[in-house]
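Engineer: Below is one structure. I have some questions about it.
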Amino acid sequence: MRLPGWYWLSCAVLAVCGAGRAYNLTQGLEDASAQAAACPARLEGSGKCEGSQCPFQLTLPALTLQLPPQLGSMEEVLKEVRTLKEAVDSLKKSCQDCKLQADGHGDPGGNAAETARDSRVQELESQVNKLSSELKNAKDQIQGLHGRLETLHLVNMNNIENYVDDKVANLTFVVNSLDGKCSKCPNQEYTQSQPVQHLIYKDCSDYYAIGKRSSGTYRVTPDPRNSSFEVYCDMETMGGAWTVLQTRLDGSTNFTRDWKDYKAGFGNLEREFWLGNDKIHLLSKSKEMILRVDLEDFKGVSLYALYDQFYVANEFLKYRLHIGNYNGTAGDALRFSKHYNHDLKFFTTPDRDNDRYPSGNCGLYYSSGWWFDACLSANLNGKYYHQKYKGIRNGIFWGTWPGITQTQPGGYKSPFKKAKMMIRPKNFKP
Ligand SMILES: [Ca+2]
């Protein structure tokens, strides 16, 4: 390594003046004085000191050294190095702080908050899962209850109704048999031969049973839990005791009606009427009934149809029709064929489509309320025509009537003059 020029210079000056020897001189004043004459630097003892321990004093003349200019920049370089060192130290410290933070020891808040958030999310997820599970359980329970409710409604309600009906019938019998037998009522005559008095007349056959033989309106109570109502009793046709459900004879009553009217009934019991689906349901439920349909055309031909069973369900089941086997002279138009069968069909009105015709409402098309299939082979609630009519066959219709489907000149259709529907208990004996 090559040393700079100013280094050699400084050594030479010290050698000339003998300064390098100053710390080694212990010989005496004489040697020091001799040297002082040749060199401007003087070494001498301190005047106020005694003994051998007195220090020497070295006096040097003013000295000026010429140093190379690069030495001046050394200070700046050193200063710069110090600054850089401070910057490095500062960065190093910052880095250590960063590391501490990253390790989770420097700032406990950061990681703790994150951990809390994760925990909260997990808790919410757990709650959602729990609620979902509970919801599923509730749904299963509701479905189970719904099934049980349906079973209760469809099976047990019928049993309960039959049970109540039986009890009411028994009570009625007991009350009737006790009637007039009260020993604490001296004013009443004890007459064992007195005929049994019905407290409840369920239908026209009960009036027939107590000797009523004239046709007309009577009040019946087919179900004691429901209010009583008036019916027309036919006490003459085929032994009598018939409760009439419907009559057509002169077109005085409009049969193009909505669901509400067919439910409640309409018309005049002495003339033309529909008794009402709720009443028909109660009557057909109170006893096992048979149905008779009487028809008469404008040529004076009268025919009938008998069905050995008749039942109409309640409104909940859309007044579904149930008919038994046919017998009679007018033909089995209610069960005409596989494709035209009114048995087991729901009731349809122009405003309530329960038929089996997918593209429209048979009740609307044929202007009536009836147990339409898709659509009909019989319709006793059709329009009343006083003479032959054209167009849609929306008049009173019985599809098995002799010659009714034969094509007539001009496409005319034959109307009916009279129609009647009535029921009687199956076990009735005139
Ligand atoms: Ca329809």
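Engineer: Using the Karplus equation 6.51 cos²θ - 1.76 cosθ + 1.60 (θ = phi - 60°), what ³J(HN,Hα) coupling, rounded to whole Hz, does each residue of region 248-264 give in order, writing x for Gly and Pro?
Structural biologist: Values per residue, Gly and Pro as x: 10, 8, 8, x, 6, 10, 6, 9, 7, 10, 8, 4, 4, 5, 5, 5, 8 Hz.
Engineer: Also, quick follow-up: Starting at the first residue of region 228-235, write each ³J(HN,Hα) from the Karplus equation 6.51 cos²θ - 1.76 cosθ + 1.60 with θ = phi - 60°, in whole Hz, x for Gly and Pro.
Structural biologist: Rounded to whole hertz, the list is 7, 7, 7, 9, 9, 9, 9, 9.
Engineer: While we're here: Would you work out which of Ala264, Asn361, Leu344 lies farthest towards the positive end of the dipole of region 204-425? Charges go on Cβ: Lys and Arg +1, Asp and Glu -1.
Structural biologist: Going by the charge dipole, the pick is Asn361.
Engineer: Just to verify a number: FRET efficiency for Ser228 and Val121, C-beta to C-beta distance, R0 = 56 Å, to 0.05? Write out the running numbers ahead of the final one.
Structural biologist: On the way: r = 70 Å, r/R0 = 1.24.
So the FRET efficiency works out to roughly 0.20.
Engineer: Along the charge dipole of region 204-425, Cβ charges K/R +1 and D/E -1, which of Ile396, Asn226, Thr407 sits furthest on the positive end?
Structural biologist: Toward the positive end, the furthest listed residue is Thr407.
Engineer: By the scheme Lys and Arg +1, Asp and Glu -1, what is the net charge of all other residues having a beta-carbon under 10 Å from that of Lys345?
Structural biologist: Summing Lys and Arg as +1 and Asp and Glu as -1 gives 0.
Engineer: Apply 1/(1 + (r/R0)^6) to the Cβ-Cβ distance of Tyr304 and Arg148, taking R0 = 45 Å, and write down the FRET efficiency to the nearest 0.05.
Structural biologist: Efficiency at R0 = 45 Å is approximately 0.45.
Engineer: Can you tell me what percent of all Cα-Cα pairs in region 204-425 are more than 22 Å apart? Provide the component values of the computation, followed by the final result.
Structural biologist: Details: 11759 of 24531 pairs.
Summing the P(r) of region 204-425 above 22 Å gives 48 percent of all pairs.
Engineer: Can you pull the one-decimal nm distance between simple spin-label points at Lys136 and Ala87, each 7 Å off the Cα toward Cβ?
Structural biologist: 6.5 nm
Engineer: Between Tyr340 and Glu270, what length comes free when the chain is fully extended (0.36 nm per residue of separation minus the Cα-Cα distance, one decimal in nm)? Could the numbers behind the result be given before it?
Structural biologist: Details: separation 70, 0.36 × 70 = 25.20 nm, distance 3.23 nm.
Answer, rounded to one decimal: 22.0 nm.
Engineer: Want the number for Asp353 to Thr405: 0.36 nm per residue separation, take away the alpha-carbon distance, what's left?
Structural biologist: The Asp353-Thr405 span can extend by a further 16.1 nm.
Every read-out reported here was derived from the displayed coordinates using simple, explicitly stated rules and does not represent laboratory data. Every value quoted in this text rests on a predicted model; they were computed, and no experiment measured them. Cβ coordinates were reconstructed from backbone atoms using ideal geometry, including for glycine residues, and neighbour counts include every protein chain displayed.
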